[in-house]
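What follows is one structure encoded as structure tokens, with my remarks underneath.
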Amino acid sequence: MSFADRRKKTFEGVEADALLVTTPANVRYLTGFTGSNGQLLLAAESVFYTDGRYKEQSETQVPDLERRIYSASLKFSEVLAKDVADRGLTRLGVEAEHMTLATETRLRKGLDGIEFVRTDGVVEKVRQVKDRAEIDAIRRAQKIAEDAVSSSVGAFTGGTEHDLALAIEWAMRTNGAESVSFDTIVAGGAHSALPHAEPRDVAIDPDGLLLIDFGAKFEGYCSDTTRTWVGANAPDEIRKVHDAVVRALEAGCEAVKPGVTGADVDAAARKSLESDGYADYFVHSTGHGVGLDIHEGPTLAPGSDTVLEPGMLVTIEPGVYLPGVGGVRVEDLLVVTEVGYENLTTLPRGPNG
């Protein structure tokens, strides 16, 4: 889908004369602009805005839109106000979830008489269904990340959680990733009972329990996977937990298909853990969408009424966390297809990697 097609599809859902897009990921999705400062007036005649640092970059990346360059002496609010007036716009949608009160106050000074319409997730809803190019980018990010973890864990002869996290991130960056999707989680032993544990300068027991949550970015798109290794020194209970978590993962994956809701998938994984007696130790949702952001729609959680469609990317990541003992999370990354799903994750799920 071209950027023009994306803008057209998104504009169809705007219940105002125009939508001011300020979220970097949304701006990138609709224009292709990768800089740190850009805005889009999404309208019948759209306009892209940035400052002087990105004049040349925007000419290359956003050649199909009118472009406005602002500065300290010619502020964005002033340039925007003129375009709004020239187009006769009276109702301006804003991304309420991302716009601060301070920014809204500044904009209102130059847009006297313009009604601000607070919107929620207009662009994000369109972003949920990926096109082939987006899926291919995520597929590539997934391979880079998996190769990095396989090589790093295989070569790791001793060191701390922090050492291994750095090795994984270095391997991703040197093998094609533009960055990491998020700070790599490496947690050994009882530390793995923290779902979002931060790597410590604590030595890893190579024969113990080790959880690694990792992802790479390629062409702006994220991957996300978790694996848990259970060595000979790991608590006996953790072996049972690992088996239960893998069963829950399988149940969640098998529930993924067009027409089901996020709550349906979550319920499948949760029911599996309940049958194994671990539901009380599953403290987060079953999964989430992945794309330009590491966490985006759809959400796979209780109460989620989003209906899955072909082209959506979702994680399935059940986890069980026993305080003082350790945690197990096993996570795959799936594409919803016309008949079910395609699993982009190729790493073994077993307790020994």
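Laboratory data are not the source of any read-out in this text; all were calculated from the coordinates shown. Because the structure is a prediction, the values reported are computed rather than measured. Quick reminder, even Gly has a Cβ in these numbers, built from the backbone with ideal geometry, and neighbours come from all protein chains shown.
In which sequence would 266, 131, 224, 163 go, from the one with the fewest C-beta neighbours within 10 Å to the one with the most?
Ascending Cβ contact count within 10 Å gives the list 131, 163, 266, 224.
List, in the order given, every pair from 130/240; 9/82; 8/271; 9/271; 125/240 whose Cα-Cα distance in the structure shown is over 32 Å.
In this structure, 130/240; 8/271; 9/271; 125/240 lie more than 32 Å apart at Cα.
Can you give the helix-only mean residue ellipticity at 222 nm for the chain, where every DSSP H stretch with n ≥ 4 adds -39500 (n - 2.57) and the sum goes over all residues, rounded to the nearest 500 deg cm²/dmol?
-11000 deg cm²/dmol
I need the helices of the chain that pass two filters: whole DSSP H segments spanning 18 Å or more by Cα along the axis, and mean Kyte-Doolittle score no lower than -0.5.
On the way: long enough: 132-155 (34 Å, -0.21); 161-174 (20 Å, -0.03); 236-254 (28 Å, -0.27); 262-275 (20 Å, -0.41).
Qualifying helices: 132-155, 161-174, 236-254, 262-275.
Which value, in debye to the nearest 20, gives the size of the charge dipole of the chain about its Cα centre, when Lys and Arg are +1 and Asp and Glu are -1 at the Cβ?
For the chain, the charge dipole is close to 780 debye.
How large is log10 I(q)/I(0) at q = 0.11, 0.20 Å⁻¹ when the Debye formula is applied to the Cα atoms of the range 3-127, each weighted equally and without solvent?
So the normalised log intensities work out to -0.32, -1.19.
Tell me the net charge near residue 258. Cut-off is 9 Å between Cβ atoms, residue 258 excluded, with +1 for each Lys or Arg and -1 for each Asp or Glu.
Working: positive: 257; negative: 309, 338.
Taking every Cβ under 9 Å from that of residue 258, the sum is -1.
For the pair residue 4/residue 203, report the inter-label distance in nm, with labels modelled 7 Å from Cα in the Cβ direction.
With each label point 7 Å from Cα toward Cβ, the separation is 6.4 nm.
In what sequence do 97, 342 fall when counting other Cβ within 10 Å, fewest first?
The order, fewest Cβ neighbours first, is 97, 342.
With the Cα gyration tensor of the range 132-343 in hand, convert its eigenvalues to equivalent ellipsoid semi-axes via √(5λ) and list them largest first in whole Å. Could you put the intermediate results ahead of the total?
Working: eigenvalues 141, 105, 28 Å².
Working through the eigenvalues yields semi-axes of 27, 23, 12 Å.
Normalising by the residue count of the chain, find the relative contact order in percent from Cα pairs under 8 Å and 6+ residues apart.
Across the chain, relative contact order equals 14 percent.
For the range 129-204 and the range 21-52, what is the separation of their Cα centres, given in Å?
Using only Cα atoms to place each centre, the spacing works out to 31 Å.
For 253, 222, what's the fewest-to-most ordering of other Cβ within 10 Å of each Cβ?
253, 222
For a quick check of your reading of the filter: which trypsin sites (Lys or Arg not before Pro) in the range 152-257 sit in a DSSP loop and have no more than 13 other Cβ atoms within 10 Å?
When the trypsin sites (Lys or Arg not before Pro) of the range 152-257 are filtered for loop state and at most 13 Cβ neighbours within 10 Å, nothing remains.
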